[in-house]
1. Name every residue in the range 118-138 that is buried (at least 17 other Cβ atoms within 10 Å of the Cβ), out of contact with any Asp or Glu (no Cβ under 9 Å at 6 or more places or on another chain) and outside any strand (DSSP E or B), in order of residue number.
2. Just for strands (runs of 3 or more DSSP E) wholly inside the range 1-76: which have at least 2 residues that are polar (S, T, N, Q) and closer than 26 Å to I157 by Cα?
3. Report, by residue number, each residue of the range 43-54 that is exposed (fewer than 15 other Cβ atoms within 10 Å of the Cβ) and either closer than 25 Å to V163 by Cβ or touching a Lys or Arg at 6+ places or on another chain (Cβ under 8 Å) (or both).
4. Identify, from the list L90, L57, L4, L79, the residue that is crowded, with 20+ Cβ neighbours inside 10 Å and farther than 17 Å from L188 by Cα.
5. Return the residues of the range 82-95 that are modelled with pLDDT of 95 or more and not aromatic (F, W, Y); say none if nothing qualifies.
6. With respect to G112, determine if the residue is farther than 23 Å from T191 by Cα, in contact (Cβ under 8 Å) with a residue 60 or more places away in the chain and either assigned to a strand (DSSP E or B) or out of contact with any helix residue (DSSP H, G or I) (no Cβ under 7 Å at 6 or more places or on another chain) (or both).
7. If we keep just the residues of the range 165-193 that are among the hydrophobic types (A, V, I, L, M, F, W, C) and part of a loop (DSSP other than H, G, I, E, B), which is surrounded by the fewest Cβ atoms within 10 Å (Cβ to Cβ)?
8. Just to be sure I understand, how many residues within the range 127-175 are among the aliphatic types (A, V, I, L, M) and under 22 Å from A78 (Cβ atoms)?
Amino acid sequence: MRRLTYYVATTIDGFIAAPDGSFGFFPADDRADEMAEFLTSRYPETVPTHVREHMGLDLPGNRCFDTVVMGHGTYRPALDIGVTSPYRHLRQYVVSTALTESPDPEVELVPGDPAGLVRRLKREEGLGIWLAGGGRLAGALLPEIDELIVKRYPLVIGTGIPVFTAQFQPRAFELTDTRVFGGGAVVLSYTRA
């Protein structure tokens, strides 16, 4: 059975974006480059198609994921720069009640029941399913998440969009790997306990 992996960047205080949805405060310096190099070698599918080409990541086939599920807020930055199919190398699903039709035939809109979508995708043959965000969608899919890859940056922002927006429902995960990078950035890997 395929697995759902929530691969996400966060601050120390657990936010994935500012209150307005922006995420430009995450560092883009040499310290972040070391972590980015590690992550792109391990999870190259998580780099948008239009960026992959500039980075020389035109690898044949996918390594970990062949499908991405994202919320409207995660999809919006691509649309804002005119990219309607940000992950051409993956099957793309956007969970949204705000969009009434897909701006691209390669992107399938899901107006409701994201858990039903993920359960159906898990029964199919293939590589893993990447949950790209956001926090509300991650909260709705928490019972379906099998693995977390958390890129934690040494920042505190005080408020914003949390990693999960959900009702109180404790779920145990087991730490399976820790990678520490210059400047205090950490990649933590967890699997459902």
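1. Result: L121, G134, G135, R136, L137, A138.
2. Details: elements: 4-11, 15-17, 65-71.
It comes to 4-11.
3. Hit for the range 43-54 is V51, nothing else.
4. Answer to the check: L90.
5. G82, V83, T84, S85, P86, L90, R91, Q92, V94, V95
6. Details: farther than 23 Å from T191 by Cα: yes; in contact (Cβ under 8 Å) with a residue 60 or more places away in the chain: no; either assigned to a strand (DSSP E or B) or out of contact with any helix residue (DSSP H, G or I) (no Cβ under 7 Å at 6 or more places or on another chain) (or both): yes.
No; evaluated as a whole, the condition is false for this residue.
7. Result: F168.
8. The initial filter retains those residues of the range 127-175 that are among the aliphatic types (A, V, I, L, M), namely 127, 129, 131-132, 137-138, 140-142, 145, 148-150, 155-157, 161, 163, 166, 172, 175.
Remaining after also requiring under 22 Å from A78 (Cβ atoms): 127, 129, 131-132, 137-138, 140-141, 149, 161, 163.
Summing the residues that are among the aliphatic types (A, V, I, L, M) and under 22 Å from A78 (Cβ atoms) in the range 127-175 gives 11.
The values are calculated or read from the model by the stated rules, or taken from the named source; none is laboratory data. Just so we're clear, the structure is a prediction, and the values are computed from it rather than from any experiment. Cβ coordinates were reconstructed from backbone atoms using ideal geometry, including for glycine residues, and neighbour counts include every protein chain displayed.
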